[in-house]
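I have placed the structure first, in the form of structure tokens, so that the comments after it can refer back to it.
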Ligand SMILES: [Fe+2]
Ligand SMILES: [Fe+2]
């Protein structure tokens, strides 16, 4: 039987496998934990899981072609090769993030990289350049793909075809473009790695899930940052993501080794598209539940980290940077980038919440039992409290109470899958 026909016949099984992975790794509790580790990086820096997501242990030596399911080994290896080349230039990506986001969202800048003065200092003093969680997580991906390719094909892939990442500045337009392009890249990588994982078993599947979960964490954080910066905008966000992804896809087809084969297997293309749609629908549903106040407290959290050493700047330049940072903070707090309708609604809710803070706290303590027992989204207690809130309140108060329940769940999330599974 031709291999494509075999893949067509197996399509329902593959799609089911994709769905099972998405259901587990995009569960509300899993996404909550991903987001909360951003806060943890600043507030609990000693926690290794917040510095770099814990991986499930795998035995590389036991990985082999027998672990590939429903796809020719050469095709999975080709997908891995494209991914490896894309993952390679993390140093450049990381300086783009640190410099690009420094005014747009400084905490995201440090979470994902280092700015120009910090990079200069690190280079001049031979310091480790990769101190951000994003970087620590990303830098293990290209190597993981190279090892998997070696185990599957018995040949070492060439690692001399790196990307040429674009130059970005911290100017508003560049920074916004960078957020969207990173968000699209995390969406594409997580959705594609899930398809690969659906075609793998044993330690090969576990290793692919490790890499995919890192990408899901990054997608979670960038999607939440998108909502914080630009407001709720499900369809416009989707259009931005698709547009960026198509542009990226065209570029990879041209530049990657074996890129011309990308998208030529119609069955794999269907699997990848379905995976994208499933992951997007989960992220979108999750985003809808995250209150602005939670996003604000996470993305603007004070830092317990010591400052990174940086090249000294002349005082007037330093003062200029501080002034731009202050303006950036103001812009975020006033929701200046939001669509007028949602900004108006959100500011109204913020004012209402401030005026009624005491009575809201009383209601939560007396009538909703301070949310105790409802830590896990989707649990029996979660359902009970939601019903109670819906029965006893209406309008803005109901929205605020449901938002407070979600805030409580994010802060007290119990989803420690990666830690539990690490032997
Ligand atoms: Fe990656
Ligand atoms: Fe990533």
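The values are calculated or read from the model by the stated rules, or taken from the named source; none is laboratory data. Just so you know, these numbers come straight off a predicted model, no measurement behind them. Positions of Cβ are backbone-derived with ideal geometry, glycine not excepted, and every protein chain shown enters the neighbour counts.
Quick notes on this one:
- Matching residues, segment 111-153, being more than 16 Å from ligand 2 (Cβ to nearest atom), closer than 18 Å to residue 305 by Cβ and either part of a helix (DSSP H, G or I) or not assigned by TED's automatic domain parsing to the domain that holds residue 300 (or both): 117, 118, 119, 121, 122
- Enumeration of residues in segment 221-264 that are within 16 Å of ligand 2 (Cβ to nearest atom) and either modelled with pLDDT under 95 or closer than 22 Å to residue 84 by Cα (or both): 222, 241, 244, 245, 248, 252
- The residue list 78, 5, 91, 71 contains one member that is modelled with pLDDT under 95 and within 16 Å of ligand 2 (Cβ to nearest atom), which is 91.
- Scanning segment 72-97 for residues that are in a loop (DSSP other than H, G, I, E, B) and touching a helix residue (DSSP H, G or I) at 6+ places or on another chain (Cβ under 6 Å) yields 72, 88.
- Count of segment 385-394 residues which are under 32 Å from the mean Cα position of the chain (by Cα) and loosely packed, with under 14 Cβ neighbours inside 10 Å: 2
- Condition broken by residue 221, with the remaining ones in (1) touching a residue at least 12 places away in the same chain (Cβ under 8 Å); (2) more than 16 Å from ligand 1 (Cβ to nearest atom) satisfied: (2)
- The lone criterion from (1) in contact with a helix residue (DSSP H, G or I) (Cβ under 6 Å, 6 or more places away or on another chain); (2) surrounded by 14 or more Cβ atoms within 10 Å (Cβ to Cβ) left unmet by residue 373 is number (2).
- Here residue 5 does not fit the description of being within 30 Å of residue 130 (Cα to Cα) and part of a helix (DSSP H, G or I).
- Contact map, segment 290-318: residues that are farther than 24 Å from residue 221 by Cβ paired with residues that are exposed (fewer than 11 other Cβ atoms within 10 Å of the Cβ), Cβ distance under 8 Å, separation 6+ or inter-chain. Pairs shown: 309/125; 311/124.
- Looking only at segment 164-198, residues that are within 16 Å of ligand 1 (Cβ to nearest atom) and either surrounded by fewer than 17 Cβ atoms within 10 Å (Cβ to Cβ) or not in a helix (DSSP H, G or I) (or both) come to 1 in all.
- Among the residues making up segment 330-355, those that are part of a loop (DSSP other than H, G, I, E, B) and either assigned by TED's automatic domain parsing to the domain that holds residue 104 or surrounded by 15 or more Cβ atoms within 10 Å (Cβ to Cβ) (or both) are 335, 337, 338.
- For segment 47-68, the set of residues classified as modelled with pLDDT under 95 and either surrounded by fewer than 17 Cβ atoms within 10 Å (Cβ to Cβ) or more than 15 Å from ligand 2 (Cβ to nearest atom) (or both) consists of 47, 48, 49, 50, 51, 54, 56, 57, listed by residue number.
- Flag for residue 67 being in contact (Cβ under 8 Å) with a residue 12 or more places away in the chain, closer than 30 Å to residue 3 by Cβ and touching a strand residue (DSSP E or B) at 6+ places or on another chain (Cβ under 6 Å): yes
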